[in-house]
Structures are given as C-alpha cells and as structure tokens.
Amino acid sequence: MKTNKNVKGFTLVELIVVIAIIGVLAAILVPSMLGYVKKSKVSAMNSNAKSLFDAANTACVELDSEGNPPGNQSAVDCTGGKDATAGSLENKVYNYFNGVATLEVGEVEIKDNVCVGAHCADNVYHGTYPKAATVDNYSSADLAYAQETGD
C-alpha cells in the first residue's frame, strides 16, 4: 500500500487546538481591555472637569474686574448657561467652556470669588477637579464633590 506524503493541510485536531488557544487568550484579554475603556472615560471626564474649573476661574476674574464678584456659591449649574442672564457666572462659564451643553452635570463651587472645585458628568461617567476621580475611588452615587470630603 502506498501512502501519499504530498497531502498538505491541517488535521481536524490541530484546528481545534488552535481555536481553543485563541478562545483562552480572548477570555483573558477581553476583561482587561474593558478596564482600560472605563479608565479612559473617567480620565476624559476629569479633563472636562479641569476645563470647567479653568473656565469658572476665568469667569470669576472677569466678573471681579467688572465690579460684580461672584462671592460664595455652592453647586453652580453651568449646563444651562446659554439661557442664563447675560453677564452671570453661568453664562460666562458656558461661553468659555465649549461643549458644556453636552454634559448632563456641570457644576462648580465658588468660595471667596475663586472656583475651588468642579464636577461634571455625562450619562454614565463622572469627573472631578482638583482631586480627580479614579477607577479606584469611583462611585457614581457619591462623587458629587470628592475633593471636599477627601475620599
């Protein structure tokens, strides 16, 4: 009996082993990649909070130079600044911070005519500044002003 040694290709067992190895690698890598997505979303919200913080400080300086200092205000909602009174803190922050309307929450806290904290959020993720939210201290329920509590 002659055997044909010129047959090329993989056996069924070899193909099943390769598919099993790919499945194991995918099961290991997919959960770790999901963690990176959450970290990047939280980082983007922290960046938005910093921009909101900077815009609020700029608006405070401008209001102070106009002779209308903002004083002390807690949880100033800046997302509706387009409809706010012209020359108000909310309106000035809205004008400085492009894209604040796309945020669900955009709040700042003013003490002694200076912005001391910012908090912003979209539908899922939150960000704070100056103490930035991280995945380790992240909780959408109690992240309103993490920098105040020190948590």
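The values are calculated or read from the model by the stated rules, or taken from the named source; none is laboratory data. Everything quoted here is computed from the prediction, not taken from an experiment. Ideal geometry is used to build each Cβ from the backbone, glycine not excepted, and the neighbour counts take in all protein chains shown. Keep in mind that these areas ignore ligands, DNA and RNA; they rest on the heavy atoms of the full protein, side chains included. Shrake-Rupley method; radii C 1.70, N 1.55, O 1.52, S 1.80 Å.
Starting with the highest mean, order 36-43, 76-83, 55-62, 21-28 by the number of other Cβ atoms within 10 Å, averaged over the residues of each peptide. Mind showing how you got there, number by number?
On the way: 36-43: 13.8, 76-83: 17.2, 55-62: 21.1, 21-28: 9.6.
Going from most to least packed, we get 55-62, 76-83, 36-43, 21-28.
Using Stokes-Einstein with the Kirkwood hydrodynamic radius over Cα pairs, what translational diffusion coefficient do you get for region 1-120 at 10 °C and a viscosity of 1.306 mPa s, in µm²/s rounded to a whole number?
Details: Rh = 18.1 Å.
Roughly 87 µm²/s, to the nearest whole number.
For Glu109, Glu90, Glu104, what's the largest-to-smallest order of accessible area, 1.4 Å probe? All intermediate terms of the calculation are to be shown ahead of the outcome.
Values: Glu109 15, Glu90 50, Glu104 110 Å².
So the residues, ranked largest to smallest area, are Glu104, Glu90, Glu109.
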